[in-house]
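Q: Shown below is the structure under consideration.
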Amino acid sequence: MEEEPKKKVQIIAQSYYSRLDVQNAIYNFCKNRETVPRYLDGFGKRPDVLDYPSDIFALVKRGATSFHCSEEIWNNPLEINTDMTPEQYNEIKSGWDFLIDIDSKYLDYSKIAARLLLEQLERHGVTNVGIKFSGSKGFHMIVPFGAFPEKIGNDLTKDMFPEWPRYIAGYLFSLIREPMNFEILKLTGRDKLEKTGELTVETVCPKCKKPIERKSFWKYECPNVRCRGSVESPIKKNTAMLCPSCNTKMILTGERKTDFCKFCKISTIGEELKKSEMIFNEEKTIKSTQDAIDVVLVASRHLFRAPYSLHEKTAFVSKVLDRDELESFIPTDADVLKVKEFRSFMPNYKPNEAENLLIRAIDWGKSNQPREAPRKFEGKALDLKGLTISEKMFPEVIKKIMKGMKGDGRKRALSVLVSFLTSLDFPQDYIEEKIGGLEKFAEVF
């Protein structure tokens, strides 16, 4: 069997990593970090560390093509065990650096995001930030752990990973999202973005800023001249709708569209929205930048490419940059033959210079906690807040209502049933199924 042709990164890896300046640059940054080699077919064993700079070349001779390290700083990374609790991790962890992974399909978009982030960091008092090319189409930025305060209130900063770094990443992205989209629209043009499918416009909830659902409400009117009652229902009836006041067959007269947030349970016909004068706004999203700051990277034991490590797809170097090199940088500047100077990715910093940023990010994070996605009803029992509740456990009066009612009180019975199911936080589709799907309530709902 013929051997597969070697990739470019395999061809140049040994000559590149044999350089002592390369070995020292990678080793010096990776001290006290979990550091793992990557081979073409996957990562090496974990946990692992570099004991000496020469370990790098020894691993490359065995097939390693790049090196990846942790955001966390450990007393001894080899003590890490996957069976540990978060509290046990904290005992052997001495800190963490805040790392921003700027990722986009286009390098020019990444440059815009990087520049806006640097401006925001500076406005928050953070002036010492490390920047490096990711090796592909993005950049990595780092704020050292020493720039953060030792604690906020009673919480030790070192123990608040990944929660606090995630708050910072989310907070910063919320600040740059609109100006970033504006600059990209200006750079590329709205028509081109729409043509390529990059630009999407969606309506978002004014409270949680998440995309809303558009629902239809069907209006039925009573033809009885003495009654003239009307009813609106989220379900279009195939059978006759009977007037709840006079029992006359109602006529379907119209449809009304409404915006509904399944997370906040508010809609354009709700009283809460009317009183607050909030509106559902349209927001422009450019697909290439909607995840421009990778919050997933801010995760326990997540690894990122070490500075001056090669990138498997491009064979470019993850080169450290000065801030004034950012705008003019092109990927070929990171060719192995052009990398002569080795700078530290870890910048000098002022103690506590990131305190204001952290405090603001924590406040933002607490008020923008991700809401739990609505659950779907997929069986006969539901796990609600740790309790598995089935219909057999319902009160007798609810069971009677669900069997259907005749005579007076049907509308009130329906109201009781809806209130009961809603108070137990049953999913919306379950409630609609139990109400709208029962013909016994057709004359009420």
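Q: Subtracting the Cα-Cα distance from 0.36 nm times the residue separation, let me have the gained length for Ser245 to Met84 in nm, one decimal. Intermediate values should be presented prior to the final figure.
A: Working: separation 161, 0.36 × 161 = 57.96 nm, distance 6.41 nm.
Result: 51.6 nm gained on full extension.
Q: Right, something else. Could I have the simple spin-label model distance between Asn76 and Arg256, label points 7 Å from Cα toward Cβ, reported in nm to one decimal?
A: Spacing of the two 7 Å Cα→Cβ label points: 7.0 nm.
Q: If each residue's Cβ is checked for other Cβ atoms within 10 Å, how do Tyr52, Tyr16 rank with the fewest at the top?
A: If I rank by nearby Cβ atoms, fewest first, I get Tyr52, Tyr16.
Q: Go through Lys31/Lys338; Lys111/Lys186; Lys137/Lys340; Lys137/Lys366; Lys137/Lys338 and tell me which ones have a Cα-Cα distance over 23 Å in this structure.
A: With Cα atoms farther than 23 Å apart: Lys31/Lys338; Lys137/Lys366.
Q: Specify whether the C-alpha gyration tensor of the stretch 16-171 places it in the rounded, prolate or oblate class, a ≥ b ≥ c being the square roots of the eigenvalues: rounded for a/c under 1.5, otherwise prolate if a/b is larger than b/c and oblate if not.
A: Judged from the Cα gyration tensor, the stretch 16-171 comes out oblate (a/c at least 1.5, b/c at or above a/b).
Q: On to the next question. Determine, for Trp364, Trp74, the number of other Cβ atoms within 10 Å of each Cβ, and report the residues in order from fewest to most.
A: Details: Trp364 16, Trp74 21.
If I rank by nearby Cβ atoms, fewest first, I get Trp364, Trp74.
Q: Quick one: if you stick a label point 7 Å off each Cα along the C-beta vector at Lys7 and Leu107, how many nm between them?
A: Taking the two extended label points, one gets 1.9 nm.
Q: Report the extension gain between Ile152 and Tyr52 in nm, rounded to one decimal, defined as 0.36 nm multiplied by the number of residues separating them, less their alpha carbon distance.
A: Result for the pair: 32.4 nm of gain on full extension.
Q: Quick one: if the Förster radius is 51 Å, what FRET efficiency do Met393 and Asn32 give, using the C-beta to C-beta distance and rounding to 0.05? Could you put the intermediate results ahead of the total?
A: On the way: r = 54 Å, r/R0 = 1.06.
The formula returns an efficiency of 0.40 here.
Q: Right, something else. Stretch Arg301-Val418 to full length: gain in nm at 0.36 nm per residue minus the Cα-Cα span?
A: 37.6 nm
Q: Going by how many other beta carbons lie within 10 Å of each one, how would you line up Lys45, Lys215, fewest first?
A: Lys45, Lys215
Read the figures in this text as sums done on the coordinates, not as results from a lab. Model, not experiment: these values are computed from the prediction. Positions of Cβ are generated from backbone atoms using ideal geometry, with glycine treated the same way; all protein chains shown enter the neighbour counts.
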